[in-house]
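Read through the structure below, which is laid out as structure tokens, and then see the notes.
The values are calculated or read from the model by the stated rules, or taken from the named source; none is laboratory data. Everything quoted here is computed from the prediction, not taken from an experiment. A quick note on method: Cβ atoms are made from the backbone with ideal geometry, for glycine too, and the neighbour counts reach across all protein chains shown. These area figures cover heavy atoms from the full protein model, side chains too; ligands, DNA and RNA do not enter into them. Shrake-Rupley method; radii C 1.70, N 1.55, O 1.52, S 1.80 Å.
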Amino acid sequence: MYSSDGRPHDARNVRYDDPWYDALAAGWGESEVADAPDAAPRAAADVYLEVQRSVAFQEVRRRYRRFVVPAVAGFLTWYVAYVVTATTAPGLMARPVAGAVNVAMLAGLGQFLTTFLLTWAYARHARLRRDRAALDIRWDTQELTRATRGGAA
């Protein structure tokens, strides 16, 4: 394999302490030795089911839902209100606000503004309330699945 600058990768220089680096997905760090026949490691599917049932995973999912469900409901309500008002009350939407700018133009620009604000709020919420816990779960899951495949634990 080659890096982006054309140099060959050297598996000895890979940092395994970086939690964002997935060594197994890159094909490095996998054990060359087959598992002992008498050892019965857990299947990866069992590991993932165990993680899914864990309290930490359920907490991450709960935090996600507590933000996303109200945000989607609020945004869809705002969008449908804009569309319904534009079709049922054209006189209101055509009302001038300042010069050639009317209510419809402000509401349309408001749609873009709320999209950007919602994106910012989602990214901030994820960074402050979910990313660290999700990274810890991912790290633990990789360690458990690495052990099931006979890699370095």
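Pop out the ³J(HN,Hα) list for the stretch 73-90 in order, Karplus 6.51 cos²θ - 1.76 cosθ + 1.60 with θ = phi - 60°, rounded to Hz; leave Gly and Pro as x.
Per residue, the Karplus-derived 3J(HN,Hα) values read 4, x, 5, 5, 4, 4, 5, 5, 4, 4, 5, 5, 5, 5, 8, 9, 10, x Hz.
Once amide H atoms are built 1.01 Å from N in the peptide plane, which residues 5 or more positions from ASN102, or in another chain, come under 5 Å H to H?
Long-range HN contacts for ASN102: VAL97.
Give, as a single signed number, the net charge of other residues whose beta carbon lies under 12 Å from the beta carbon of ALA121, with Lys and Arg counted +1 and Asp and Glu -1.
Working: positive: ARG124, ARG127, ARG129; negative: none.
Neighbour charge sum, excluding ALA121 itself: +3.
At a 1.4 Å probe, what is the % contribution of carbon and sulfur to the accessible area of the stretch 69-126?
Values: 3160 of 3980 Å².
Carbon-and-sulfur percentage of accessible area, whole number: 79.
Using the Cβ atoms and a cut-off under 12 Å, what net charge is assigned to the surroundings of ALA56, where Lys and Arg are +1 and Asp and Glu are -1? Mind showing how you got there, number by number?
On the way: positive: ARG53, ARG61, ARG62, ARG63, ARG130, ARG132, ARG138; negative: GLU50, GLU59, ASP136, ASP140.
Residues close to ALA56 contribute a combined charge of +3.
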